[in-house]
Amino acid sequence: MKFFIMSEDGGLPSAADFISSLSTRWPGATVKPISNPQRSYALEFSVPMTDSALEGLLARTGDSITFEGASLREISGFVQWCRTLVPAHLPVIFCDESMNGEVKVTPMMTAAEILEAFHASGG
């Protein structure tokens, strides 16, 4: 299943800032820039997690990250980390591809709270 992190007004970091932050947080992560300007994504990435790898794409517009492949527990930790990259005054939404689960992620939420809210919203 695919998951999304979305922020209004291009609140997510630039590709260069995302790469730097991702590499600092997960030194084993791999990143591949997407140079084709006709593609909607600026880069693709893979983050090794304990249970599996999280594979994702950063939108060129800076308003979304699409990802899949890890356990929900690990995904909630990734979502919490992504929230730290967005200015606190901008809203951040975490959801699944069918919009069964949708969470407004606040700057102070823990990974456990994100996971709990996701399940409570139908995810």
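Every number here is computed from the coordinates shown, using simple stated rules; none is lab data. Note that the coordinates shown come from a computational prediction; the quantities given were computed from them, not determined experimentally. As a convention, Cβ positions derive from the backbone with ideal geometry for all residues, glycine included, and neighbour counts pool all protein chains shown.
Only one of the values [x] 59; [y] 68; [z] 63 was calculated from this structure for percent of Cα pairs over 16 Å apart; name its label. Correct label, based on the coordinates given: [x]. In the chain, the calculated helix contribution to ellipticity at 222 nm averages -8000 deg cm²/dmol per residue, counting -39,500 (n - 2.57) for every DSSP H run with n ≥ 4. The alpha carbon centroids of the stretch 60-115 and the stretch 7-39 are separated by 15 Å. Remark on TYR41: its backbone amide H falls under 5 Å from those of ARG60, a criterion applied only to residues 5 or more positions apart or on other chains, H modelled at 1.01 Å from N.
Our estimate of slack between GLU102 and ALA88, defined as 0.36 nm per intervening residue step minus the Cα-Cα distance, is 3.2 nm. Amide H to amide H, with H built 1.01 Å from N, GLU102 comes under 5 Å of SER121, GLY123, counting only residues 5 or more places away or on other chains. Around the amide H of VAL92, modelled in the peptide plane, lie the amide H atoms of VAL105, all under 5 Å away and 5 or more residues distant in sequence or on another chain.
Here the Karplus relation 6.51 cos²θ - 1.76 cosθ + 1.60, evaluated at θ = phi - 60°, turns the backbone of the stretch 82-88 into coupling constants of 4, 4, 5, 8, 9, x, 4 Hz, with x for every Gly and Pro.
Projecting the Cα atoms of LEU72, ALA88, SER35 onto the dipole axis of the chain, where Lys and Arg carry +1 and Asp and Glu carry -1 at the beta carbon, places SER35 farthest toward the positive end. Rounded to the nearest 20, the size of the Cβ-charge dipole of the chain about its Cα centre is 280 debye, with Lys and Arg at +1 and Asp and Glu at -1. For trypsin sites (Lys or Arg not before Pro), the sites in the stretch 32-123 that DSSP calls loop and that have at most 14 other Cβ atoms within 10 Å are ARG39. Among residues other than THR50 with Cβ under 13 Å from its Cβ, the summed charge is -1 (Lys and Arg +1, Asp and Glu -1). Under 13 Å from a point placed 7 Å out from the Cα of GLU68 along the Cα-to-Cβ direction: which residues of the stretch 21-58 have their backbone N that close? Residues 54-57 fall inside that zone. Rounded to the nearest Hz, the phi-derived 3J(HN,Hα) couplings of the stretch 17-33 under the Karplus curve 6.51 cos²θ - 1.76 cosθ + 1.60 (θ = phi - 60°) are 5, 4, 4, 4, 5, 5, 5, 5, 6, 10, x, x, 5, 10, 9, 10, x, where x marks glycine and proline.
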